[in-house]
């Protein structure tokens, strides 16, 4: 491991007296001083000067005496395999310590917010009033680390890379000072999203490299690019102290209405498997001097793939974060397709780590799939899904962690963050026991070890202490193995100077920007409307979005303004608000937003609350919807039929459609270029005839779009999923069957389907399209009953 200015420059390894007595001030305020000792032919050992830890020697090497017993125990010996070390340490842990290891914290911001989700205090005060440094630990973090023995932390926002590194060092110093000296394993959801208004400069860095969203990565049809993304992401994560990625999301997007389509690699089982394999290989593989063993090492990040066995088949497109979307259905009898990204992708790697080290089940009840016990329960509660299928049939021996909040009491059909589907009537401790019995190792979003200890006690009463002790140790071994393999026990500390140099460095930023350019899909270019020459006069209509509610149910205010950054756009074009002065119009819109398929106002007025999710902007009446629903029933509802047939909806952002139609009229035959920022497949028939050119983007910077619009770069992306001909096609498709919709066909006869895209020469036909040709035009059987 490299030694930077954060660490003490040590004498030879034998000179322990100096090493233990001396330290240097770390770079950057707010972090503990860290001491190091280099083992010739072995790892550099690092520990906090404040932790009270000492070293022990053996065979000319040095090791941390983590439990302070003056002896070299097996788990402290870095020469041993990770599995053997994990087994030894698990055997030494008390049940409360194992219970804490099985927790995964709720979301932690650095510094913590004072009055929003994840609010916390510093010395009893909100951060702004406390005088604390941004890198200090909150009162709540100190409590769950010390009292509850929690060691797995999920972080969200961080003030800066340097603050993240300093906070990491403070966390690790506290963990090292207690009990068996088990370090913290910090995780994150995806962090590499773009800022649309950020300006790219090949010679400059940024807060972190920016890449297209998952659908955009899929649109490149290039697994090697995704492998490189995983490799770069792992370097940046490790420089931030992050050793587990709660991604990639490898669900198949077989229902186009699902609110999480944008986080997937599309609807193709083959492409999703290839992308999953490449991404996980990139994340987990260390090479050269950074490798410890078996591809694992100091640049490895554990990948927690999600969501087993696939969450993209919610009935009517509804999402299982909410009780109204708890049921996943399989009318096309294609459950097996949804396993392929796991079994043929993430669990069957090309690299030496062989398999994703962790997996997260989704909230959903996979309705009617459990033929062994005939239980319709959330996947984390399902012995069939976890013990029989995942661990049995597919022999998966990595960590299984629930999604966040599955053991909390449900409050409302449309409430967020409480998802004990199928176990609503159980106590919190009983839910933990059911999940343990199903074969799960870890509880997402739980900071309190109490219910896990209660679950253990339940198991002791049923099966005896020896049985439950063995069950708890099995999970502890899996969890610890992932921590040993990435070198956390030898050196969990960061050099802040190195963090600054690694995260968002120019080479990483360049790779991300190049991927953004490759992800943009051109669907139409009538009459050579694109490219629009640099320096032209361009009309960009203002975009207005009415007030509404976000995914979490929170109120969102009305927004209005130019949909691209004016400062960046003016470096390419002269902007005007007068269509008659313009050479071309640039209309930037987003996918239709009609909500999540449930309307509390409808329920309050005597209806069921269930309404359609539409992929068109204009008014839609669901005359062809399924009735009755396949699944239904909830303790908070007095009915089981969740059909929305005959109900209507309209997109909150119907103004986007008006923008296109108005621009076409105002331009009087001059080119109208539409850029669709896509989160879901969209019914193009409402606006395609009014557009001369159409680009689709999946989370890229405005500058990348403008590079393509102006001809600085050529569009190269391909659609990673099908676009529906209309909403009748959406209602007719089976939620679980890939490629099960009639596709939209434009005026030029091009079908907007999987694998389609244009470049300046016309329809793209290359090695990528050839590789997935079998999936490009699959047979389209009629939906099942």
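Quick note: the coordinates plus some simple rules give every number you see, no bench work behind them. No experiment lies behind these values; they were computed from the predicted model shown. FYI the Cβ positions are ideal-geometry reconstructions off the backbone, even for glycines, and counts take in every protein chain you see.
Mind giving me the nanometre distance, one decimal, between the label points for residue 526 and residue 463, set 7 Å out from Cα along Cα→Cβ?
6.5 nm
Only counting other Cβ atoms within 10 Å, I'd like 469, 626, 238 sorted with the fewest neighbours first. Don't skip to the end; give the middle numbers.
Values: 469 17, 626 21, 238 24.
Ascending Cβ contact count within 10 Å gives the list 469, 626, 238.
Using a basic spin-label model with each label point 7 Å from the Cα along Cα→Cβ, how many nm lie between residue 580 and residue 146?
7.4 nm
How far apart, in nanometres, would the label points at residue 393 and residue 639 be if each is projected 7 angstrom from Cα along the Cα-to-Cβ direction?
Calculated label separation equals 3.5 nm.
Over the alpha-carbon set of the range 353-424, divide Rg by the Kirkwood Rh and report the Rg/Rh ratio to two decimals. Walk me through the numbers on the way to the answer.
Numbers: Rg = 13.2 Å, Rh = 13.0 Å.
We get a ratio of 1.01 for the range 353-424.
State, to one decimal in nm², a quarter of the convex hull surface area for the C-alpha atoms of the range 128-198, i.e. the direction-averaged projected area. Walk me through the numbers on the way to the answer.
Details: hull surface 23.9 nm².
Projected over every direction and averaged, the Cα hull of the range 128-198 covers 6.0 nm².
With viscosity set to 1.306 mPa s at 10 °C, what whole-number translational diffusion coefficient in µm²/s follows for the range 439-509 from Stokes-Einstein and a Kirkwood radius over Cα pairs? Let's see the in-between values first.
Numbers: Rh = 15.6 Å.
Once the numbers are plugged in, D ends up at 102 µm²/s.
Just report the Cα centroid separation between the range 348-411 and the range 458-494, whole Å.
Spelled out, the Cα-based centre of one part sits 18 Å from the other.
For the range 479-525, state the average projected area of the convex hull of the C-alpha atoms over all orientations, rounded to one decimal in nm². Present the calculation step by step, with values, prior to reporting the outcome.
Details: hull surface 24.5 nm².
Seen from a random direction, the Cα hull of the range 479-525 projects 6.1 nm² on average.
Gain in length, residue 71 to residue 50, computed as 0.36 nm per residue apart minus the alpha-carbon separation, to one decimal in nm? Walk me through the numbers before you get to the answer.
Details: separation 21, 0.36 × 21 = 7.56 nm, distance 2.08 nm.
Extending this stretch completely gives an extra 5.5 nm.
As a check on your grasp of the helix formula, calculate [θ] at 222 nm for the chain: sum -39500 (n - 2.57) over DSSP H runs of n ≥ 4, divide by the residue count, round to the nearest 500.
Values: 21 runs with 203 residues, N = 785.
My calculation for the chain gives -7500 deg cm²/dmol from helical runs alone.
With only alpha-carbon pairs counted, each pair once and no self-pairs, how large is the Kirkwood hydrodynamic radius of the range 302-460 in angstroms?
The Cα-based Kirkwood calculation yields 15.8 Å.
What whole-number distance in Å separates the alpha-carbon centres of the range 62-80 and the range 584-651?
59 Å
Counting only DSSP beta bridges with both residues in the chain, tell me the antiparallel percent, nearest 5.
Working: 31 of 72 bridges.
Just about 45 percent of them are antiparallel.
Binning at 5 angstrom from zero up to the longest distance, how are the C-alpha pair distances of the range 594-652 distributed in percent?
4, 19, 27, 27, 14, 6, 1
Please give the FRET efficiency for residue 177 paired with residue 373, using the beta carbon to beta carbon distance and R0 = 51 Å, rounded to the nearest 0.05.
0.65
Taking every pair of distinct Cα atoms and averaging 1/r, then inverting, what Kirkwood hydrodynamic radius in Å comes out for the range 380-525?
Details: mean 1/r = 0.0531 Å⁻¹.
After inverting the pairwise mean of 1/r, the radius is 18.8 Å.
What Kirkwood hydrodynamic radius do you get for the range 89-502 when you take the inverse of the mean 1/r over all pairs of distinct Cα atoms, in Å? Please list the in-between numbers first.
Details: mean 1/r = 0.0463 Å⁻¹.
After inverting the pairwise mean of 1/r, the radius is 21.6 Å.
Based only on other Cβ atoms within 10 Å, what is the fewest-to-most ordering of 338, 107? Spell out each step's value before the answer.
On the way: 338 26, 107 15.
The most exposed by this proxy come first: 107, 338.
Taking the DSSP beta bridges in the range 89-207 as the whole, what percent of them are antiparallel, to the nearest 5?
Values: 1 of 8 bridges.
Counting DSSP beta bridges with both partners in the range 89-207, the antiparallel share is about 10 percent.
For each of 367, 513, count neighbouring Cβ atoms within 10 Å of the residue's Cβ, then give the residues from fewest to most. Display every interim value, and only then the final one.
Details: 367 18, 513 26.
Exposure proxy ranking, most exposed first: 367, 513.
Between residue 558 and residue 125, what is 0.36 nm times their sequence separation minus the Cα-Cα distance? Round to one decimal in nm. Provide the component values of the computation, followed by the final result.
On the way: separation 433, 0.36 × 433 = 155.88 nm, distance 3.31 nm.
Extending this stretch completely gives an extra 152.6 nm.
How big is D, in µm² s⁻¹, for the chain by Stokes-Einstein at 25 °C and 0.890 mPa s if Rh is the Kirkwood radius over C-alpha pairs?
Details: Rh = 27.5 Å.
Taking Rh from Cα pairs, D becomes 89 µm²/s.
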